[in-house]
Amino acid sequence: MASSEARTRQKKRQRTRNGGVRAALFLALFTCTLRCSECEKPSNIVLILADDQDVYLGGMTPMKKTKALIGDAGATFSNAFTATPLCCPSRSSILTGQYPHNHSVRNNSLDGNCSSPLWQKGPETTAFPVYLSKQHYQTFYAGKYLNQYGKKETGNVGYVPPGWDQWHALMGNSQYYNYTLSVNGKEEQHGDNYEKDYLTDLILNRSLHFLDDRSPQRPFFIMLSPPAPHSPWTAAPQYEKNFTDVKAPRDGSFDKPGKDKHWLLRQPSNPMPSTSLNFLDNAYRKRWQTLLSVDDMVEALVKKLEELKELNNTYIFYTSDNGYHTGQFSLPIDKRQLYDFDIRIPLMVRGPGIKPQQTIPAPVLNIDLAPTFLDISGLNLSFVNMDGQSFLSQMAPELRNGTARPYFLVEYTGEGHLDPDPACPKLGPGLSQCFPDCVCEDAYNNTYACVRTLVEHNLQYCEFADTESFVEVYNLTSDPHQLENIVKKVDPTLLQAMNQRLIKLQSCEGDSCRATKI
(Lines give C-alpha, C1' and ligand atoms only; values in the text may rest on other atoms or scores of the structure.)
Protein backbone atom coordinates (compact mmCIF):
# COMPACT_ATOMS: atom_id res chain seq x y z
CA MET A 1 0.00 0.00 0.00
CA ALA A 2 2.77 2.39 1.05
CA SER A 3 4.69 1.45 -2.03
CA SER A 4 1.65 2.29 -4.20
CA GLU A 5 1.25 5.75 -2.58
CA ALA A 6 4.94 6.47 -3.07
CA ARG A 7 4.67 5.63 -6.76
CA THR A 8 1.65 7.94 -7.07
CA ARG A 9 3.52 10.85 -5.42
CA GLN A 10 6.50 10.23 -7.71
CA LYS A 11 4.29 10.35 -10.81
CA LYS A 12 2.76 13.64 -9.65
CA ARG A 13 6.22 15.17 -9.12
CA GLN A 14 7.24 13.90 -12.58
CA ARG A 15 4.16 15.45 -14.20
CA THR A 16 4.86 18.72 -12.42
CA ARG A 17 8.47 18.71 -13.61
CA ASN A 18 7.37 17.81 -17.16
CA GLY A 19 4.75 20.55 -17.08
CA GLY A 20 7.36 23.01 -15.94
CA VAL A 21 9.72 21.93 -18.70
CA ARG A 22 6.96 22.25 -21.29
CA ALA A 23 6.03 25.70 -20.03
CA ALA A 24 9.66 26.79 -20.13
CA LEU A 25 10.05 25.41 -23.63
CA PHE A 26 6.84 27.15 -24.74
CA LEU A 27 7.96 30.44 -23.23
CA ALA A 28 11.37 30.14 -24.89
CA LEU A 29 9.78 29.26 -28.23
CA PHE A 30 7.30 32.12 -27.91
CA THR A 31 10.06 34.60 -27.07
CA CYS A 32 12.17 33.31 -29.96
CA THR A 33 9.23 33.63 -32.33
CA LEU A 34 8.65 37.21 -31.23
CA ARG A 35 12.33 38.04 -31.71
CA CYS A 36 12.40 36.36 -35.11
CA SER A 37 9.27 38.17 -36.23
CA GLU A 38 10.88 41.45 -35.20
CA CYS A 39 14.07 40.55 -37.04
CA GLU A 40 12.15 39.55 -40.14
CA LYS A 41 9.75 42.48 -40.33
CA PRO A 42 8.75 42.74 -44.01
CA SER A 43 10.50 45.39 -46.04
CA ASN A 44 8.89 48.74 -46.77
CA ILE A 45 7.84 49.52 -50.34
CA VAL A 46 7.64 52.81 -52.26
CA LEU A 47 6.16 53.11 -55.76
CA ILE A 48 6.57 56.30 -57.76
CA LEU A 49 4.32 56.19 -60.83
CA ALA A 50 4.87 58.88 -63.46
CA ASP A 51 2.09 59.77 -65.90
CA ASP A 52 2.84 59.24 -69.62
CA GLN A 53 6.63 59.05 -69.24
CA ASP A 54 8.31 57.37 -72.19
CA VAL A 55 11.65 55.62 -72.09
CA TYR A 56 11.97 55.08 -75.85
CA LEU A 57 12.37 58.76 -76.82
CA GLY A 58 14.68 59.93 -74.05
CA GLY A 59 12.06 60.46 -71.36
CA MET A 60 14.51 59.50 -68.61
CA THR A 61 17.17 62.00 -69.73
CA PRO A 62 16.12 64.76 -67.27
CA MET A 63 16.01 62.25 -64.38
CA LYS A 64 19.69 62.31 -63.37
CA LYS A 65 19.05 62.04 -59.63
CA THR A 66 16.52 59.26 -60.08
CA LYS A 67 18.87 57.23 -62.26
CA ALA A 68 21.68 57.67 -59.71
CA LEU A 69 19.60 57.03 -56.57
CA ILE A 70 17.44 54.16 -57.87
CA GLY A 71 18.81 52.80 -61.15
CA ASP A 72 22.51 52.93 -60.30
CA ALA A 73 21.80 51.82 -56.74
CA GLY A 74 19.82 48.82 -57.96
CA ALA A 75 18.33 47.38 -61.14
CA THR A 76 17.24 48.96 -64.41
CA PHE A 77 14.90 46.85 -66.54
CA SER A 78 15.65 47.31 -70.23
CA ASN A 79 12.52 45.45 -71.37
CA ALA A 80 9.68 46.78 -69.23
CA PHE A 81 6.26 47.06 -70.88
CA THR A 82 2.73 48.12 -70.12
CA ALA A 83 -0.06 45.64 -70.79
CA THR A 84 -2.07 48.46 -72.37
CA PRO A 85 -0.85 51.93 -73.45
CA LEU A 86 -3.41 54.19 -71.78
CA CYS A 87 -3.70 55.69 -68.29
CA CYS A 88 -6.82 54.24 -66.67
CA PRO A 89 -6.65 50.64 -67.96
CA SER A 90 -2.89 50.58 -67.31
CA ARG A 91 -3.29 51.85 -63.74
CA SER A 92 -6.06 49.32 -63.21
CA SER A 93 -3.61 46.62 -64.34
CA ILE A 94 -1.00 47.91 -61.87
CA LEU A 95 -3.52 47.80 -59.02
CA THR A 96 -4.95 44.36 -59.79
CA GLY A 97 -2.03 42.54 -61.44
CA GLN A 98 -4.43 41.64 -64.25
CA TYR A 99 -4.64 42.09 -68.00
CA PRO A 100 -7.43 44.45 -69.15
CA HIS A 101 -9.58 41.57 -70.41
CA ASN A 102 -9.79 40.37 -66.79
CA HIS A 103 -10.30 43.65 -64.92
CA SER A 104 -12.56 44.98 -67.75
CA VAL A 105 -11.28 48.57 -67.73
CA ARG A 106 -11.02 49.32 -71.44
CA ASN A 107 -10.20 53.04 -71.67
CA ASN A 108 -10.36 56.37 -69.82
CA SER A 109 -14.14 56.80 -70.02
CA LEU A 110 -16.89 55.80 -67.62
CA ASP A 111 -18.37 53.68 -70.40
CA GLY A 112 -14.95 52.06 -70.62
CA ASN A 113 -15.29 51.09 -66.92
CA CYS A 114 -12.73 53.60 -65.61
CA SER A 115 -13.31 53.87 -61.83
CA SER A 116 -16.92 52.82 -62.46
CA PRO A 117 -19.22 51.25 -59.84
CA LEU A 118 -18.59 47.91 -61.57
CA TRP A 119 -14.83 48.36 -61.08
CA GLN A 120 -15.33 49.44 -57.46
CA LYS A 121 -17.51 46.44 -56.59
CA GLY A 122 -15.32 43.96 -58.47
CA PRO A 123 -11.59 44.19 -59.32
CA GLU A 124 -10.82 47.04 -56.92
CA THR A 125 -11.83 44.87 -53.94
CA THR A 126 -8.90 42.56 -54.66
CA ALA A 127 -6.31 45.21 -55.60
CA PHE A 128 -2.88 44.86 -54.00
CA PRO A 129 -3.40 47.49 -51.22
CA VAL A 130 -6.20 45.31 -49.80
CA TYR A 131 -3.73 42.44 -49.37
CA LEU A 132 -0.98 44.70 -48.05
CA SER A 133 -3.37 46.05 -45.43
CA LYS A 134 -4.11 42.48 -44.32
CA GLN A 135 -0.34 42.00 -44.07
CA HIS A 136 -0.34 44.90 -41.54
CA TYR A 137 1.27 47.42 -43.88
CA GLN A 138 0.59 51.10 -43.28
CA THR A 139 -0.56 52.34 -46.68
CA PHE A 140 -0.37 55.84 -48.14
CA TYR A 141 -1.57 57.13 -51.53
CA ALA A 142 -1.10 60.58 -53.05
CA GLY A 143 -1.63 61.96 -56.57
CA LYS A 144 -3.54 60.95 -59.64
CA TYR A 145 -5.51 57.73 -59.23
CA LEU A 146 -7.89 56.84 -62.08
CA ASN A 147 -9.12 59.34 -64.66
CA GLN A 148 -12.78 59.22 -63.61
CA TYR A 149 -12.11 59.08 -59.87
CA GLY A 150 -14.10 61.60 -57.80
CA LYS A 151 -16.83 62.16 -60.38
CA LYS A 152 -20.47 62.11 -59.26
CA GLU A 153 -21.11 58.82 -61.05
CA THR A 154 -18.21 57.15 -59.22
CA GLY A 155 -19.07 58.20 -55.67
CA ASN A 156 -17.61 61.73 -55.56
CA VAL A 157 -14.53 62.46 -53.45
CA GLY A 158 -16.15 60.75 -50.46
CA TYR A 159 -15.31 57.37 -51.92
CA VAL A 160 -11.98 55.97 -50.68
CA PRO A 161 -10.87 52.70 -52.28
CA PRO A 162 -10.26 49.79 -49.90
CA GLY A 163 -6.83 49.12 -48.46
CA TRP A 164 -5.59 52.71 -48.06
CA ASP A 165 -4.94 54.15 -44.58
CA GLN A 166 -4.03 57.60 -45.85
CA TRP A 167 -5.66 58.89 -49.03
CA HIS A 168 -4.75 62.12 -50.89
CA ALA A 169 -6.08 61.46 -54.40
CA LEU A 170 -6.63 63.81 -57.30
CA MET A 171 -10.13 64.15 -58.67
CA GLY A 172 -10.05 63.40 -62.39
CA ASN A 173 -7.08 63.68 -64.72
CA SER A 174 -3.65 65.19 -64.16
CA GLN A 175 -3.36 68.83 -63.17
CA TYR A 176 -0.56 70.83 -61.58
CA TYR A 177 -2.68 73.70 -60.19
CA ASN A 178 -6.39 74.43 -59.63
CA TYR A 179 -7.50 70.94 -58.71
CA THR A 180 -9.54 69.07 -56.10
CA LEU A 181 -8.20 66.38 -53.80
CA SER A 182 -9.98 63.73 -51.80
CA VAL A 183 -8.20 63.77 -48.45
CA ASN A 184 -9.41 60.67 -46.65
CA GLY A 185 -12.81 61.21 -48.24
CA LYS A 186 -13.06 64.97 -47.65
CA GLU A 187 -12.92 67.53 -50.46
CA GLU A 188 -9.87 69.83 -50.54
CA GLN A 189 -9.65 72.63 -53.11
CA HIS A 190 -6.35 73.97 -54.42
CA GLY A 191 -5.41 77.08 -56.37
CA ASP A 192 -2.36 78.29 -58.27
CA ASN A 193 0.12 79.19 -55.52
CA TYR A 194 3.36 77.34 -56.16
CA GLU A 195 4.38 76.90 -52.51
CA LYS A 196 0.95 75.63 -51.45
CA ASP A 197 -0.53 73.94 -54.50
CA TYR A 198 1.99 72.57 -57.01
CA LEU A 199 0.81 68.97 -57.02
CA THR A 200 4.15 67.19 -57.47
CA ASP A 201 5.60 69.01 -54.46
CA LEU A 202 2.43 68.69 -52.40
CA ILE A 203 2.23 64.90 -52.61
CA LEU A 204 5.93 64.65 -51.76
CA ASN A 205 5.51 66.80 -48.65
CA ARG A 206 2.52 64.80 -47.47
CA SER A 207 4.42 61.55 -47.88
CA LEU A 208 7.22 62.98 -45.73
CA HIS A 209 4.69 63.84 -43.01
CA PHE A 210 3.32 60.31 -43.24
CA LEU A 211 6.80 58.91 -42.70
CA ASP A 212 7.22 61.08 -39.60
CA ASP A 213 3.85 60.03 -38.14
CA ARG A 214 3.80 56.30 -38.95
CA SER A 215 4.39 53.48 -36.50
CA PRO A 216 8.01 52.27 -36.79
CA GLN A 217 6.96 48.78 -35.66
CA ARG A 218 5.02 48.07 -38.86
CA PRO A 219 6.12 48.18 -42.53
CA PHE A 220 4.73 50.84 -44.85
CA PHE A 221 3.72 51.13 -48.49
CA ILE A 222 3.78 54.54 -50.20
CA MET A 223 2.45 55.18 -53.70
CA LEU A 224 3.10 58.59 -55.22
CA SER A 225 1.56 59.43 -58.58
CA PRO A 226 2.67 62.88 -59.78
CA PRO A 227 1.00 64.50 -62.81
CA ALA A 228 4.29 64.80 -64.72
CA PRO A 229 4.95 64.58 -67.55
CA HIS A 230 1.25 64.53 -68.56
CA SER A 231 -0.37 67.58 -70.15
CA PRO A 232 -0.89 70.47 -69.44
CA TRP A 233 2.90 70.29 -68.83
CA THR A 234 3.09 73.03 -66.21
CA ALA A 235 6.64 73.28 -64.94
CA ALA A 236 7.64 74.57 -61.51
CA PRO A 237 8.72 78.24 -61.76
CA GLN A 238 12.41 77.42 -61.24
CA TYR A 239 12.40 75.04 -64.22
CA GLU A 240 10.43 77.03 -66.81
CA LYS A 241 13.61 78.09 -68.66
CA ASN A 242 15.28 74.67 -68.78
CA PHE A 243 15.83 72.77 -72.03
CA THR A 244 15.04 75.77 -74.23
CA ASP A 245 17.03 74.32 -77.14
CA VAL A 246 15.66 70.77 -76.86
CA LYS A 247 13.56 69.31 -79.67
CA ALA A 248 11.84 65.98 -80.12
CA PRO A 249 14.17 63.34 -81.64
CA ARG A 250 14.05 63.19 -85.43
CA ASP A 251 15.34 59.63 -85.89
CA GLY A 252 13.67 56.24 -86.12
CA SER A 253 10.02 56.43 -87.14
CA PHE A 254 9.73 60.19 -86.72
CA ASP A 255 7.47 61.65 -89.44
CA LYS A 256 7.56 58.39 -91.40
CA PRO A 257 4.41 57.42 -93.34
CA GLY A 258 2.35 54.54 -91.93
CA LYS A 259 1.54 53.18 -95.38
CA ASP A 260 1.57 49.48 -94.40
CA LYS A 261 -0.11 49.95 -91.03
CA HIS A 262 -3.68 49.89 -89.70
CA TRP A 263 -6.29 52.37 -90.91
CA LEU A 264 -5.70 55.08 -88.29
CA LEU A 265 -2.00 55.37 -89.11
CA ARG A 266 -2.66 55.63 -92.83
CA GLN A 267 -4.58 58.91 -92.35
CA PRO A 268 -2.03 61.51 -91.11
CA SER A 269 -0.51 63.94 -93.59
CA ASN A 270 3.11 63.22 -94.36
CA PRO A 271 5.35 65.10 -93.96
CA MET A 272 3.84 66.87 -90.96
CA PRO A 273 3.12 70.59 -91.31
CA SER A 274 5.32 73.06 -89.44
CA THR A 275 2.48 73.82 -87.01
CA SER A 276 2.50 70.20 -85.84
CA LEU A 277 6.30 70.16 -85.55
CA ASN A 278 6.35 73.34 -83.46
CA PHE A 279 3.57 72.01 -81.24
CA LEU A 280 5.20 68.65 -80.54
CA ASP A 281 8.63 70.21 -79.95
CA ASN A 282 7.10 72.53 -77.36
CA ALA A 283 5.31 69.60 -75.71
CA TYR A 284 8.51 67.54 -75.63
CA ARG A 285 10.44 70.38 -73.99
CA LYS A 286 7.76 71.09 -71.39
CA ARG A 287 7.44 67.41 -70.51
CA TRP A 288 11.12 67.37 -69.57
CA GLN A 289 10.68 70.53 -67.49
CA THR A 290 7.89 68.98 -65.40
CA LEU A 291 10.02 65.88 -64.76
CA LEU A 292 12.68 67.90 -62.95
CA SER A 293 10.30 68.27 -60.01
CA VAL A 294 9.76 64.50 -59.98
CA ASP A 295 13.53 64.10 -59.92
CA ASP A 296 13.62 66.36 -56.86
CA MET A 297 10.85 64.26 -55.32
CA VAL A 298 12.93 61.10 -55.59
CA GLU A 299 15.95 62.81 -54.05
CA ALA A 300 13.94 64.17 -51.10
CA LEU A 301 12.25 60.84 -50.45
CA VAL A 302 15.52 58.89 -50.49
CA LYS A 303 17.09 61.46 -48.15
CA LYS A 304 14.16 61.16 -45.73
CA LEU A 305 14.33 57.36 -45.69
CA GLU A 306 18.05 57.60 -45.01
CA GLU A 307 17.48 60.00 -42.10
CA LEU A 308 14.91 57.61 -40.63
CA LYS A 309 17.32 54.67 -41.10
CA GLU A 310 14.72 52.93 -43.27
CA LEU A 311 16.46 53.19 -46.64
CA ASN A 312 18.25 49.85 -46.42
CA ASN A 313 14.97 48.08 -45.64
CA THR A 314 12.92 49.76 -48.37
CA TYR A 315 12.26 48.76 -51.96
CA ILE A 316 11.82 51.82 -54.18
CA PHE A 317 10.18 51.31 -57.58
CA TYR A 318 10.12 53.98 -60.30
CA THR A 319 7.97 53.50 -63.40
CA SER A 320 5.26 54.99 -65.64
CA ASP A 321 1.77 53.91 -66.66
CA ASN A 322 2.58 53.97 -70.39
CA GLY A 323 4.98 55.37 -72.96
CA TYR A 324 4.41 58.27 -75.36
CA HIS A 325 5.07 59.49 -78.87
CA THR A 326 5.97 62.87 -80.35
CA GLY A 327 5.86 62.71 -84.14
CA GLN A 328 6.35 58.97 -84.72
CA PHE A 329 4.58 57.86 -87.92
CA SER A 330 3.40 61.49 -88.24
CA LEU A 331 1.24 61.30 -85.11
CA PRO A 332 1.80 64.55 -83.16
CA ILE A 333 1.50 63.59 -79.47
CA ASP A 334 -0.27 60.86 -77.51
CA LYS A 335 -0.05 57.16 -76.58
CA ARG A 336 -2.58 54.32 -77.33
CA GLN A 337 -0.57 52.68 -80.13
CA LEU A 338 0.95 49.18 -80.24
CA TYR A 339 4.49 50.33 -81.07
CA ASP A 340 7.44 50.31 -78.71
CA PHE A 341 7.41 54.06 -78.13
CA ASP A 342 3.96 53.71 -76.47
CA ILE A 343 4.26 50.32 -74.74
CA ARG A 344 7.80 50.46 -73.33
CA ILE A 345 8.05 52.06 -69.89
CA PRO A 346 10.87 53.00 -67.53
CA LEU A 347 11.37 50.64 -64.59
CA MET A 348 14.08 50.93 -61.94
CA VAL A 349 14.16 49.30 -58.50
CA ARG A 350 16.49 49.44 -55.52
CA GLY A 351 16.14 47.57 -52.24
CA PRO A 352 17.30 44.72 -50.00
CA GLY A 353 19.09 41.95 -51.88
CA ILE A 354 19.32 43.92 -55.15
CA LYS A 355 22.88 44.43 -56.27
CA PRO A 356 23.71 47.88 -57.69
CA GLN A 357 24.47 48.73 -61.31
CA GLN A 358 22.32 45.93 -62.77
CA THR A 359 20.68 46.05 -66.19
CA ILE A 360 18.13 43.25 -66.45
CA PRO A 361 16.94 42.23 -69.95
CA ALA A 362 14.17 39.84 -68.83
CA PRO A 363 10.75 41.12 -69.96
CA VAL A 364 8.63 42.57 -67.16
CA LEU A 365 5.07 43.93 -67.38
CA ASN A 366 3.21 46.41 -65.22
CA ILE A 367 0.88 43.54 -64.21
CA ASP A 368 3.93 42.10 -62.43
CA LEU A 369 4.19 44.99 -59.96
CA ALA A 370 1.32 43.89 -57.70
CA PRO A 371 2.50 40.28 -57.24
CA THR A 372 6.04 41.57 -56.64
CA PHE A 373 4.80 43.85 -53.86
CA LEU A 374 2.88 40.97 -52.29
CA ASP A 375 5.89 38.69 -52.64
CA ILE A 376 8.00 41.23 -50.76
CA SER A 377 5.32 41.43 -48.06
CA GLY A 378 5.60 37.68 -47.47
CA LEU A 379 2.16 36.76 -48.80
CA ASN A 380 1.74 33.34 -50.40
CA LEU A 381 0.98 34.29 -54.02
CA SER A 382 -1.09 31.16 -54.57
CA PHE A 383 -3.79 32.90 -52.51
CA VAL A 384 -4.28 35.71 -55.07
CA ASN A 385 -5.77 35.65 -58.55
CA MET A 386 -3.33 37.71 -60.60
CA ASP A 387 -2.14 37.35 -64.18
CA GLY A 388 1.27 38.84 -63.45
CA GLN A 389 4.22 37.22 -61.73
CA SER A 390 6.68 38.44 -59.15
CA PHE A 391 9.98 39.62 -60.61
CA LEU A 392 11.76 39.62 -57.26
CA SER A 393 13.72 36.62 -58.53
CA GLN A 394 14.99 38.68 -61.49
CA MET A 395 16.27 41.46 -59.23
CA ALA A 396 17.48 39.40 -56.31
CA PRO A 397 18.05 35.76 -57.32
CA GLU A 398 19.52 35.03 -53.90
CA LEU A 399 16.09 35.69 -52.38
CA ARG A 400 13.81 33.92 -54.86
CA ASN A 401 13.85 31.40 -57.69
CA GLY A 402 11.89 32.18 -60.84
CA THR A 403 11.79 32.22 -64.61
CA ALA A 404 11.12 34.94 -67.18
CA ARG A 405 7.99 34.73 -69.31
CA PRO A 406 8.47 33.69 -72.95
CA TYR A 407 5.51 35.65 -74.35
CA PHE A 408 3.17 38.38 -73.20
CA LEU A 409 0.04 40.21 -74.28
CA VAL A 410 -0.58 43.86 -75.11
CA GLU A 411 -4.22 44.80 -75.68
CA TYR A 412 -6.19 47.99 -76.19
CA THR A 413 -9.80 48.99 -76.90
CA GLY A 414 -10.05 52.13 -79.03
CA GLU A 415 -12.24 55.12 -78.14
CA GLY A 416 -14.34 57.08 -80.60
CA HIS A 417 -17.36 59.33 -80.99
CA LEU A 418 -20.56 58.48 -82.82
CA ASP A 419 -20.52 61.83 -84.66
CA PRO A 420 -17.67 63.09 -86.89
CA ASP A 421 -15.09 65.23 -85.11
CA PRO A 422 -15.55 68.96 -85.96
CA ALA A 423 -11.78 69.24 -86.43
CA CYS A 424 -11.79 66.40 -88.93
CA PRO A 425 -15.21 65.81 -90.55
CA LYS A 426 -13.79 64.20 -93.70
CA LEU A 427 -12.74 61.08 -91.76
CA GLY A 428 -16.29 60.42 -90.60
CA PRO A 429 -17.53 59.12 -87.23
CA GLY A 430 -15.81 56.78 -84.80
CA LEU A 431 -12.70 58.87 -84.03
CA SER A 432 -11.34 60.78 -81.02
CA GLN A 433 -8.32 62.79 -79.88
CA CYS A 434 -8.25 64.78 -83.13
CA PHE A 435 -5.94 67.72 -83.86
CA PRO A 436 -6.71 70.79 -86.01
CA ASP A 437 -4.53 69.40 -88.81
CA CYS A 438 -7.03 66.54 -89.14
CA VAL A 439 -4.87 63.98 -87.40
CA CYS A 440 -6.74 61.73 -84.99
CA GLU A 441 -4.90 59.70 -82.35
CA ASP A 442 -7.65 57.17 -81.62
CA ALA A 443 -10.70 55.47 -83.11
CA TYR A 444 -13.05 52.57 -82.48
CA ASN A 445 -11.07 50.55 -85.02
CA ASN A 446 -7.85 51.17 -83.11
CA THR A 447 -8.76 48.07 -81.11
CA TYR A 448 -6.05 45.43 -81.12
CA ALA A 449 -4.31 42.61 -79.31
CA CYS A 450 -0.65 41.71 -79.72
CA VAL A 451 1.58 38.87 -78.63
CA ARG A 452 5.19 39.84 -78.06
CA THR A 453 8.20 37.66 -77.50
CA LEU A 454 11.82 38.51 -76.73
CA VAL A 455 12.96 34.91 -76.25
CA GLU A 456 14.88 33.51 -79.25
CA HIS A 457 13.23 36.13 -81.52
CA ASN A 458 12.19 39.73 -80.91
CA LEU A 459 8.81 39.54 -82.63
CA GLN A 460 5.46 41.29 -82.36
CA TYR A 461 2.24 39.94 -83.88
CA CYS A 462 -0.94 42.08 -83.71
CA GLU A 463 -4.53 41.58 -84.82
CA PHE A 464 -7.07 44.38 -85.14
CA ALA A 465 -10.80 44.16 -84.45
CA ASP A 466 -11.74 46.18 -87.52
CA THR A 467 -13.46 45.65 -90.85
CA GLU A 468 -10.13 44.77 -92.48
CA SER A 469 -9.13 42.14 -89.86
CA PHE A 470 -5.79 43.89 -90.18
CA VAL A 471 -2.60 42.19 -89.03
CA GLU A 472 0.78 43.75 -88.26
CA VAL A 473 3.98 41.76 -87.71
CA TYR A 474 7.42 43.14 -86.85
CA ASN A 475 10.87 41.66 -86.47
CA LEU A 476 12.35 44.10 -84.00
CA THR A 477 15.82 42.56 -84.23
CA SER A 478 16.24 43.74 -87.82
CA ASP A 479 13.66 46.55 -87.64
CA PRO A 480 13.75 48.11 -84.14
CA HIS A 481 11.66 51.12 -85.20
CA GLN A 482 8.86 48.93 -86.65
CA LEU A 483 9.03 50.62 -90.04
CA GLU A 484 8.08 47.56 -92.09
CA ASN A 485 5.04 45.36 -91.54
CA ILE A 486 6.30 41.93 -92.66
CA VAL A 487 2.99 40.07 -92.46
CA LYS A 488 3.17 39.19 -96.17
CA LYS A 489 6.80 38.07 -95.99
CA VAL A 490 6.92 35.92 -92.87
CA ASP A 491 6.62 32.12 -92.83
CA PRO A 492 2.89 31.17 -92.59
CA THR A 493 3.78 28.55 -90.00
CA LEU A 494 5.13 31.26 -87.72
CA LEU A 495 2.04 33.38 -88.29
CA GLN A 496 -0.15 30.48 -87.28
CA ALA A 497 1.89 29.82 -84.15
CA MET A 498 1.73 33.48 -83.10
CA ASN A 499 -2.00 33.54 -83.80
CA GLN A 500 -2.55 30.54 -81.52
CA ARG A 501 -0.47 32.11 -78.75
CA LEU A 502 -2.49 35.30 -79.07
CA ILE A 503 -5.82 33.46 -78.87
CA LYS A 504 -4.77 31.72 -75.67
CA LEU A 505 -3.39 34.88 -74.07
CA GLN A 506 -6.57 36.82 -74.87
CA SER A 507 -8.58 34.36 -72.77
CA CYS A 508 -5.98 33.60 -70.11
CA GLU A 509 -6.56 34.12 -66.41
CA GLY A 510 -4.19 33.70 -63.50
CA ASP A 511 -1.78 30.79 -63.92
CA SER A 512 -2.57 30.32 -67.61
CA CYS A 513 -1.25 33.84 -68.33
CA ARG A 514 2.12 32.78 -66.94
CA ALA A 515 2.44 29.49 -68.80
CA THR A 516 6.00 28.88 -69.96
CA LYS A 517 4.76 27.12 -73.08
CA ILE A 518 1.78 28.34 -75.06
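The values are calculated or read from the model by the stated rules, or taken from the named source; none is laboratory data. Note that the structure is predicted; figures quoted are calculated from it, not measured. In this analysis, Cβ positions are derived from the backbone assuming ideal geometry, glycine residues included, and neighbour counts consider all displayed protein chains. Quick note on the areas: whole protein, heavy atoms, side chains included, nothing else; ligands and nucleic acids left out. Shrake-Rupley method; radii C 1.70, N 1.55, O 1.52, S 1.80 Å.
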Residue-count net charge about LEU369 - beta-carbon cut-off 14 Å; Lys, Arg +1, Asp, Glu -1: -3
Distribution of pairwise C-alpha distances over the stretch 344-495, 10 Å bins, in %: 9, 27, 27, 23, 12, 2
Reach of LYS488 by Cα under 19 Å, taken over lysines that are not fewer than 8 positions away in the same chain: LYS259, LYS261
SER231 accessible area, assembled protein chains, probe 1.4 Å, Å²: 50
Heavy-atom SASA rank of LEU418, LEU494, LEU305 (probe 1.4 Å, accessible area, largest first): LEU418, LEU494, LEU305
Chain lengthening between ASN184 and THR275 when straightened (0.36 nm per residue, less Cα-Cα): 28.4 nm
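Going from most exposed to least, what order do HIS101, HIS417, HIS262 have by accessible area with a 1.4 Å probe?
HIS417, HIS101, HIS262
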Alpha-carbon centroid distance for the pair the stretch 216-243 / the stretch 376-438, whole angstrom: 22
Residue-count net charge about ALA127 - beta-carbon cut-off 14 Å; Lys, Arg +1, Asp, Glu -1: +1
DSSP-loop trypsin sites (Lys or Arg not before Pro) across the stretch 393-495, with at most 16 other Cβ within 10 angstrom: ARG400, LYS488, LYS489
Farthest toward positive dipole pole in the chain [+1 Lys/Arg, -1 Asp/Glu at C-beta], among PRO271, VAL246, GLY191: GLY191
Estimated Rh, the stretch 115-250: Kirkwood, alpha-carbon pairs, angstrom: 16.2
Loop-resident sites, the stretch 233-266, for trypsin sites (Lys or Arg not before Pro), counting at most 15 other Cβ within 10 Å (DSSP): LYS241, LYS247, ARG250, LYS259
Local net charge near GLU307, Cβ-Cβ under 15 Å (Lys/Arg +1, Asp/Glu -1): -1
Exposed-site-free run, longest, the chain (rule: GluC sites (Glu not before Pro); DSSP loop; at most 10 other C-beta within 10 Å): 41-397
Distance violations [Cα-Cα > 29 Å] among LYS152/LYS335; LYS64/LYS309; LYS41/LYS196; LYS121/LYS286; LYS426/LYS489: LYS41/LYS196; LYS121/LYS286; LYS426/LYS489
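Need one number: % antiparallel among DSSP beta bridges in the chain, to the nearest 5.
Values: 38 of 65 bridges.
Approximately 60 percent, going by the DSSP bridge assignments.
Send over the per residue convex hull volume for the chain, Cα only, as a whole number of Å³.
189
If I take every Cα pair under 8 Å that is 6 or more residues apart in the stretch 103-159, average their sequence separation and divide by the length, what percent do I get for the relative contact order?
35
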Relative contact order (%) - criterion: Cα under 8 Å, at least six apart; region: the chain: 20
